[in-house]
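As structure tokens, the structure follows; a few thoughts come after it.
The values are calculated or read from the model by the stated rules, or taken from the named source; none is laboratory data. Predicted, not measured: the structure shown is a model, and the values here were computed from it. Cβ coordinates were reconstructed from backbone atoms using ideal geometry, including for glycine residues, and neighbour counts include every protein chain displayed. Keep in mind that these areas ignore ligands, DNA and RNA; they rest on the heavy atoms of the full protein, side chains included. Shrake-Rupley method; radii C 1.70, N 1.55, O 1.52, S 1.80 Å.
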Amino acid sequence: LEKWLDTAATVRVRATPEECYAAYADLTRMPEWCPLLSEVTFDPETRKSEWRMGFKGVSVGWTAENLEESPPSLLRWTSKAGTENYGAASFTPTEDGTEVEVKITYRTPRAIYSIVEGRRAQSIIRSLLRATLVRFGKKMEGMFPEDDQLVADRIVEEMAE
């Protein structure tokens, strides 16, 4: 039996919603802040993107299509082929910047569902999404030295153990 699982994370960024939306909507930049993504390509004519993600020799991919692009507040997508998922990124102005919230819903195959649905695995997935957003925020704020050992990197290391 396959099931859909939800995960979400929020981060506050000291940048405008316009700046955050522009960076996040430039999908080819996603590997800059998500350590598991190896490549994202985007076709501006079709609004479709190709995603590659890998870990410990296991690679998955999917084709996604932007369903709603409402700068600077909302970006929604759904997968069209490969790993099934859909989600949204919202950008809400705050007093000192922007609240960025990402919600992702994904279908897990029967073979790995019992592993992925567990409390520890869900905690790791949420932590990885949160760490990705923290990394995004640091990049937007210009505070992202190349040698910085961020939470996302530690989470990936924990997953390898």
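Taking only protein heavy atoms and a 1.4 Å probe, the accessible area of region 1-90 is 52% carbon and sulfur. Bridging of LYS80 to lysines at a Cα separation below 30 Å is possible for LYS3, LYS48, LYS56, LYS103, LYS139, once same-chain residues fewer than 8 apart are set aside. Listed peptides 42-50, 123-131 appear in the order 123-131, 42-50 once ranked by packing, highest mean of other Cβ atoms within 10 Å at the front. Computed over protein heavy atoms with a 1.4 Å probe, the accessible surface of region 52-99 works out to 54 Å² per residue. For the pair ASP26 and LYS56 in one chain, pulling the backbone fully straight at 0.36 nm per residue adds 8.1 nm over the alpha carbon distance.
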